[in-house]
1. Can you give the FRET efficiency for Trp44 and Arg188, using 1/(1 + (r/R0)^6), R0 = 45 Å, r = Cβ-Cβ distance, to the nearest 0.05?
2. Output needed for region 1-40: three equivalent-ellipsoid semi-axes, defined as square roots of 5 times the C-alpha gyration tensor eigenvalues, in descending order, whole Å.
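Computed from the coordinates by the stated procedures, all read-outs in this text should not be read as laboratory data. The model shown is predicted, which means the values in this text are computed figures rather than measured ones. Cβ sites come from the backbone with ideal geometry, for glycine too, and all protein chains shown count toward neighbours.
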Amino acid sequence: MNDYGKHEFAALRETIRSRGTARPAVALAGLIAWAVVLVAVLAWLPNPVASVVPLVILLAAFEAVRTLHLAVERIGRYIQVFFEADLDGRAPTSPPAWEHTAMQMGPKVPGAGGHPYFVAVFLVAAVVNFLAVVFPGPVPVELAALAIPHLAFIVWMLYCDRGMRKQRTTELARFRALKDSLRSQEERPK
């Protein structure tokens with residue numbers, strides 16, 4: 001690896017580290033902001049429609065966490081393909097080998113860590129947020145209408161979770177195809 005490659009690798013690993021550290025901090029800050037707004041809505045604006053305000057904050061926090069995770073995974077696959085030698089899908093015998101190792105370990109170790117999107121926490125928060133609809137005593141039309149954005153958020157989280165579970169293998173294949181394409185362009189006579 002040349003000096004430029006070493007600097008690029010170091011910068012990419014630093015990006016992964018900083019974004020990986022930021023993800024739980026963003027989730028916690030978003031959940032705190034959501035809770036404060038939810039309490040304010042329940043105390044000072046007891047109108048079922050007002051439940052949408054804390055729900056939007058919850059959605060924004062989830063999207064921030066999701067975006068951070070997607071970027072970290074994408075950079076990880078880039079490192080895996082362009083910086084770690086690919087030895088028939090096995091981890092390289094010499095460093096760097098983190099991404100190969102993490103990819104092999106991830107699916108095989110159940111409960112090896114928390115959910116990258118904090119789906120369970122956001123799911124509970126969405127259900128609790130619905131209390132801002134229920135407590136003011138809505139009419140059935142309000143209850144039904146305001147259940148829609150809450151359910152949409154829950155469905156969106158589950159959809160994102162499903163996509164996240166496929167991201168590593170999908171992007172790994174895409175980066176490998178890109179690398180092969182770049183290699184074939186370099187080999188063509190000029």
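1. On the way: r = 68 Å, r/R0 = 1.51.
Rounded to the nearest 0.05, the efficiency is 0.10.
2. Working: eigenvalues 286, 6, 3 Å².
Semi-axes from the Cα gyration tensor: 38, 5, 4 Å.
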